[in-house]
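Below: the structure, in structure tokens.
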Amino acid sequence: MVEHLEEFKYLWEDISGGWGLLHVNADRKQEAPDYLVVNISNKNVVLIEDDVVAKKVIEKMLSNGPRIVAIGNGF
């Protein structure tokens, strides 16, 4: 698992890279937040096919204070 996270560490370590989280269900306040890893500058998306790894990457990003945007509010 750790080796898979290392592949994505640029997402939380490279502050100038423009990476953040898109809060895809921001309009549904009653649901738990659901995020997608995006580059806010160029609108690219990182698709992580392993759900466990994706969850860990998002948790790691959240613990490092990423920019969080929602559709229509910064993205």
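The values are calculated or read from the model by the stated rules, or taken from the named source; none is laboratory data. All figures in this text were calculated on a predicted structure; none of them were measured in a lab. Cβ coordinates were reconstructed from backbone atoms using ideal geometry, including for glycine residues, and neighbour counts include every protein chain displayed.
Among the conditions (1) surrounded by fewer than 11 Cβ atoms within 10 Å (Cβ to Cβ); (2) at pLDDT 95 or above, VAL37 misses just one, which is (1). One residue stands out among those in region 34-75 that are hydrophobic (A, V, I, L, M, F, W, C) and part of a helix (DSSP H, G or I): the one that is farthest from LEU21 (Cα to Cα), which is VAL52.
Restricting attention to region 54-71, and to residues there that are more than 9 Å from the chain's Cα centre (by Cα) and of a type in the set (A, V, I, L, M, F, W, C), which single residue is surrounded by the most Cβ atoms within 10 Å (Cβ to Cβ)? The extreme case among them is VAL69. Listed by first and then second residue, the pairs with beta-carbon distance under 7 Å, at least 6 apart or on different chains, first residue in region 14-28 and surrounded by 14 or more Cβ atoms within 10 Å (Cβ to Cβ), second among the acidic types (Asp, Glu), are VAL24/ASP34; ASN25/GLU31; ASN25/ASP34.
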